[in-house]
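Since the structure comes first, as structure tokens, the remarks are kept for the end.
The values are calculated or read from the model by the stated rules, or taken from the named source; none is laboratory data. Note that the structure is predicted; figures quoted are calculated from it, not measured. Positions of Cβ are generated from backbone atoms using ideal geometry, with glycine treated the same way; all protein chains shown enter the neighbour counts. Each accessible area value is taken on the protein alone, full model and side chains, heavy atoms only, with ligands, DNA and RNA left out. Shrake-Rupley method; radii C 1.70, N 1.55, O 1.52, S 1.80 Å.
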Amino acid sequence: MTDRDTIVALSSGAGKAGIAVIRASGPGAASCVRHVAGGDVPPRRAALRALRDGPAGAAVDRGLVLWLPGPGSVTGEDVAEFQVHGSPAVIGKLLSILCALDGVRPAEPGEFTRRAFENGRMDLSGAEGLADLIDAETEAQRVQAQRQMEGVFAAHCAQWGGELRRSLAWLEAAIDFPDEALPEDLATQVRPAVEAVAAGLADWLAAPDRGRMVREGYRIAIVGAPNVGKSSLLNRIAQRDVAIVAETAGTTRDVIEVRADLAGYAVIFADTAGLRDDDAAGAIEREGMARARFQAGNADLALHIVDASAPAVPAAAPGADPARLLIVANKTDLAPAPGRLPPGADFAVSARTGTGIGRLLAEIEARVTAATAAAEHPALTRLRHRQCLEDAAAALTRAMEATEAELTAEDLRLALRAMDRLIGRTDVEDLLDLIFRDFCIGK
Ligand code: GDP
């Protein structure tokens with residue numbers, strides 16, 4: 001990789017109180033150290049040096065220099081790190097000195113991680129895990145991203161891939177040397193192993209979408225008739241004014257979302273347009289109601305709000321799966337018997353006084369925790385992962401149905417390729433730009 005550019009960027013920290021880390025990676029990292037630190041520094045040991053623009057230059061700052069020769073570095077290349085004071089002037093000066101050196105240029109977003117991936121220091125799903133770790137807002141997101149970064153997919157795929165490769169070797173031997181005395185009935189030799197992997201994949205795919213729930217947030221739709229207090233409830237939950245509270249029906253025409261951190265999980269509450277008779281509504285309101293129904297149907301949980309003070313609490317819920325639905329009677333402060341749960345309701349609350357909100361949130365928390373609880377297989381956090389595994393599963397189904405060894409072997413190869421794609425070992429060239437583009441500069 002000696003023809004490569006050396007890339008440089010601020011990799012962390014800035015500001016008066018902070019120490020900034022400037023990182024260089026590539027074949028020119030050693031010259032970067034020599035140029036600014038006035039000579040070599042010992043590998044993997046912090047060295048305090050005055051940092052200058054060449055031996056004759058005036059000192060820019062005094063800081064720690066780390067020299068991490070490849071391949072045992074974060075990118076797999078030679079890496080130099082300079083820890084300096086975090087002021088924009090120091091950072092700017094040092095970056096411009098380094099980038100003026102031969103073969104050195106500023107890094108693109110995600111370029112350090114991309115080099116780590118290309119040099120085999122990290123698998124592709126691991127790189128995605130790092131991107132998620134950088135973006136993590138909640139504890140659950142951090143834990144999930146950290147696991148993925150450590151290579152859980154790769155470990156999972158390695159075990160199954162090993163079994164498929166063994167089966168493939170048996171089949172290929174039978175195809176290439178039909179006259180050799182191979183054990184009888186190869187198909188029965190290979191089948192149990194393929195079946196076991198197929199069952200494992202099916203299991204993994206059948207698991208709920210917990211990776212997405214953790215990464216993107218657990219979605220809760222707040223639905224119900226106009227004026228039952230949906231917006232007020234959301235405001236009470238969010239503890240700030242995010243939705244418009246008004247006496248007039250049909251104010252919340254679009255969907256308003258509030259992101260919250262509930263016991264370490266990202267939860268998205270979506271306040272939707274009030275549902276009433278389509279005929280009584282205008283075109284815009286009808287569109288709002290269509291979106292509300294869509295939200296309710298696609299949420300991980302729908303809260304159907306009803307008015308506890310109304311003479312009759314409507315029982316029918318707007319098209320949501322009963323397992324993902326809670327009927328919440330609001331305005332219990334106005335109800336004839338405030339302490340009592342109206343028939344058909346799961347919870348009685350008052351958005352005005354706050355009664356019952358704690359219990360409702362505890363129930364939501366329990367559901368989020370159960371839905372995202374760690375399971376046997378690592379969580380699939382992106383659609384890409386699911387697609388790779390679905391391709392692998394489909395190929396294995398075909399492999400088991402095929403009547404000729406050649407066809408079975410070909411499908412086993414396809415299944416292996418799909419699993420390799422998950423961790424970025426094959427067929428991913430066109431994906432790399434997309435994946436690494438989302439990183440920030442310096443990572
Ligand atoms: P939405 O159309 O379902 O979003 O309903 P809003 O949140 O706009 O509330 C409609 C009206 O009911 C407003 O005047 C609120 O102040 C009132 N309201 C909402 N929740 C409660 C509650 O728990 N108790 C009482 N007394 N009034 C409420």
Phi-derived 3J(HN,Hα) across region 130-144 with the Karplus relation (6.51, -1.76, 1.60, θ = phi - 60°), rounded Hz, x for Gly and Pro, is 5, 4, 5, 5, 5, 8, 4, 10, 10, 4, 5, 5, 5, 4, 5
For the chain, the percent of accessible surface on carbon and sulfur atoms (probe 1.4 angstrom, ligands and nucleic acids excluded) is 53 percent
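Rolling a 1.4 angstrom probe over the protein heavy atoms, how many square angstrom per residue are accessible across region 331-443? Could you put the intermediate results ahead of the total?
Values: 5900 Å² over 113 residues.
Accessible area per residue, region 331-443: 52 Å².
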Charge tally for neighbours of Phe439 with beta carbon under 13 Å away, counting Lys, Arg as +1 and Asp, Glu as -1, is -3
For region 120-129, Karplus-derived ³J(HN,Hα) couplings (6.51, -1.76, 1.60; θ = phi - 60°; whole Hz; x for glycine and proline) come out as x, 7, 7, 8, 5, 5, x, 5, 5, x
Which residues qualify? For Asn227, with a placed amide H closer than 5 Å and at least 5 residues away or on another chain, they are Gly250
Excluding near-sequence neighbours (fewer than 8 apart on one chain), the chain holds lysine pairs with C-alpha atoms under 25 Å apart numbering 4
Spelling it out for Tyr218: with amide H atoms placed in the peptide plane at 1.01 Å from N, the residues 5 or more places away or on another chain with amide H under 5 Å from its amide H are Ala266, Val267, Ile268
Ordering 347-355, 227-235 by per-residue average of other C-beta atoms within 10 angstrom, highest first, gives 227-235, 347-355
Cα pairs beyond 38 Å in the chain, in percent, come to 48 percent
Expressed per residue, the solvent accessible area of region 1-83 in Å² (1.4 Å probe) is about 47 Å²
Long-range amide H partners of Thr355, meaning residues 5 or more apart or on another chain whose placed amide H is closer than 5 Å, are Ser350
Of 436-443, 77-84, ordering from highest average Cβ density within 10 Å down gives 77-84, 436-443
In the neighbourhood of Gly356 defined by beta carbon distances under 13 Å, the net charge of the other residues (Lys, Arg +1; Asp, Glu -1) is +2
HN-Hα couplings for region 221-228 via Karplus (6.51, -1.76, 1.60; θ = phi - 60°), in whole Hz with x for Gly/Pro, come out as 9, 9, 10, x, 5, x, 6, 7
To the nearest 10 degrees, the tilt of helix 88-99 (Cα long axis) against the first principal axis of the alpha carbons of the chain is 50 degrees
The helix 186-206 Cα axis meets the longest alpha-carbon principal axis of the chain at an angle in degrees, between 0 and 90 and rounded to 10, of 60 degrees
